Amino acid sequence: MKRPEPTGRERTFAEHEIIVSKTDLKGRITYVNDIFCKVGLYEEEEVLGQPHSIVRHPEMPRAVFHLLWQRIQNGEEIFAYVKNLAKNGDHYWVLAHVTPSHDLQGRVEGFHSNRRLPRRAALAEIEPLYRTLQAEEQRHADRKQGMQAALGLLEQDLQQRGTDYDRYILGLATRD
């Protein structure tokens, strides 16, 4: 499935709505709820079996997804602000909570993501940070080096704030 060009228009959804998706271990979509389809402008049949990256907006820093995959593949949960891409090229921001899903023997069999509408004040802080991270990624000819450099910048930023990733992200979500 070809990803659309970003339009620059923002979509949104109600504060009480939760976007839900599940993937297998390789990130292929195995379940989406009706809110996922409504906000992303997809039919369920279009996305089942597709890589979850079909909703990845090109302005999202690769470093954030690297951190996300690292955490969930280690069996940990993670919260992250994510800019997604709808089928028509519009974007929508979410506060994602991604967790591993386990089978009856306790083995990770896939991943589950619940996404809520983020606070505008949180996005006002996240967007410039993400632009900085993405600019660092793009400065490097080698994509992996760019991602590593952006991760280093993120770590520096968090140290200057006197916090770690989880406290920073959750703090943005709850700060008045």
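In square nanometres and to one decimal, what's the mean projected area of the convex hull around the Cα atoms of the stretch 34-134?
Quarter of the Cα hull surface area: 7.0 nm².
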Assign one of three labels to the stretch 1-72, namely rounded, prolate or oblate, based on the Cα gyration tensor with a ≥ b ≥ c the square roots of its eigenvalues; rounded applies when a/c is under 1.5, prolate when it is not and a/b is larger than b/c, and oblate otherwise.
rounded
How much of the pair distance distribution for the chain lies past 26 Å, counting alpha-carbon pairs only, in percent?
29 percent
Semi-axis lengths (Å, descending) of the ellipsoid that matches the C-alpha gyration tensor of the stretch 39-98
21, 14, 10
Can you list the lysines whose alpha carbon is less than 23 Å from that of residue 22, not counting same-chain residues fewer than 8 positions off?
2, 38, 83, 87
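Taking the Cα centre of the chain as the origin, how large is its charge dipole in debye, to the nearest 20, when only Lys and Arg (+1) and Asp and Glu (-1) carry charge on their Cβ atoms?
300 debye
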Nearest-0.05 FRET efficiency for residue 108 and residue 5 at R0 = 22 Å, using Cβ-Cβ distance, is 0.05
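Here, each number is a calculation from the coordinates, and none is a lab measurement. These numbers come from a predicted model, not from an experiment. So basically every Cβ, Gly included, is an ideal-geometry build from the backbone, and we count neighbours across all protein chains shown.
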